[in-house]
1. Can you give me the ranges of the helices (runs of 4 or more DSSP H) entirely in segment 115-220 with at least 2 residues that are crowded, with 20+ Cβ neighbours inside 10 Å and in contact with a strand residue (DSSP E or B) (Cβ under 6 Å, 6 or more places away or on another chain)?
2. Can you name every residue in segment 262-272 that is assigned to a loop (DSSP other than H, G, I, E, B) and either under 19 Å from residue 230 (Cβ atoms) or at pLDDT 95 or above (or both)?
3. If we scan segment 284-305, do we find a residue that is surrounded by fewer than 20 Cβ atoms within 10 Å (Cβ to Cβ), closer than 24 Å to residue 137 by Cα and out of contact with any strand residue (DSSP E or B) (no Cβ under 9 Å at 6 or more places or on another chain)?
4. Identify the single condition in (1) crowded, with 20+ Cβ neighbours inside 10 Å; (2) not in a helix (DSSP H, G or I) that residue 71 does not satisfy, given that it satisfies every other one.
5. Quick check on my filter: what residues within segment 75-109 are assigned to a helix (DSSP H, G or I) and more than 18 Å from the chain's Cα centre (by Cα)?
6. For segment 273-316, which positions are part of a strand (DSSP E or B) and either within 22 Å of residue 343 (Cβ to Cβ) or touching a helix residue (DSSP H, G or I) at 6+ places or on another chain (Cβ under 7 Å) (or both)?
7. Mind checking which residues of segment 229-240 are buried (at least 19 other Cβ atoms within 10 Å of the Cβ) and either at pLDDT 95 or above or more than 17 Å from residue 346 (Cβ to Cβ) (or both)?
8. If I ask for residues that are at negative phi and out of contact with any helix residue (DSSP H, G or I) (no Cβ under 8 Å at 6 or more places or on another chain), which ones from segment 258-271 would you list?
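The values are calculated or read from the model by the stated rules, or taken from the named source; none is laboratory data. Keep in mind the model is a prediction, meaning the values are calculated, not measured. Neighbour counts are summed over all protein chains in view; Cβ atoms, including those assigned to glycine, are modelled from backbone coordinates with ideal geometry.
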């Protein structure tokens, strides 16, 4: 009998004081005055994942409320799976009419198309039909037939997204096209959270949106931030296990890996990072790509783009962008990284290659 098994794992996690910072259950904000001191960590479900914010000794309910209200606002604008969001309306009117959208949505789609262009379409925000066909992020993932995949592949083309900046409208030129911003929206959301933290004059913070991690400020003891890199192997109980540590100043760290969301069918694992060219999960010897950068939105898009492109082409792209570093983890448990990034390997079953 054939069986499906569905898995959802976190991507990376912070080692704030040489130990993991663990998500804590949030307080009921209604029971506390807005300006009252709060728990150092608050976690809630948003953006289809567990989002954990750590404000340390400056934690206040009012700041946490502003952060999670903003995350919910972003989800209600940009989700492709909720009704009446701007993205859902754009998809519903594909091939019919342009849709006027919120400026946040317009700007993010514009940025997504930029990454589609520089990656040669490896990152493509019109991948929605493939996402829907496979259903890997749903409760009922499935292996579609080659015929089904071939039928939707012509719909995956970022060049058929028409933007009108003056009128703030978005138009998908062909019927049945569908946008999915899942590979960039969490990065945008992390940047928005950092903006709220800055405005609140918080000295230091950790933002973890289901693996999209951003550190802010300087730790109290002045030591480097330490971000653990998740073990990316399939089919093992690796949740919370890391293979190495990325130390350094405040940055954003985003990983795209095969282990994030996947299902098993007849002994084969199918992950959620699709190749817009083949219609199947990207398969090029990589298990994960981690991007370290100043901007989480860019790191989010680049981690997906480089994973789909594969190491050789992906490395060329990363090397062409100032201030961006990368770690590539391969199926043979070798690791390659860009020269400007420090990485401390802690799992002896992996090996760092110099070239």
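1. 185-199
2. 272
3. Yes, because at least one residue in segment 284-305 is surrounded by fewer than 20 Cβ atoms within 10 Å (Cβ to Cβ), closer than 24 Å to residue 137 by Cα and out of contact with any strand residue (DSSP E or B) (no Cβ under 9 Å at 6 or more places or on another chain).
4. Looking at each condition in turn, residue 71 falls short on (2).
5. 86, 88, 89, 90, 91, 92, 103, 106 - these are the residues of segment 75-109 that are assigned to a helix (DSSP H, G or I) and more than 18 Å from the chain's Cα centre (by Cα).
6. Listed by number, the residues that qualify are 274, 286, 287, 288, 289, 290, 291, 292, 293.
7. The one that is buried (at least 19 other Cβ atoms within 10 Å of the Cβ) and either at pLDDT 95 or above or more than 17 Å from residue 346 (Cβ to Cβ) (or both): 229.
8. 258, 259, 260, 261, 262, 263, 264, 265, 268, 269, 271
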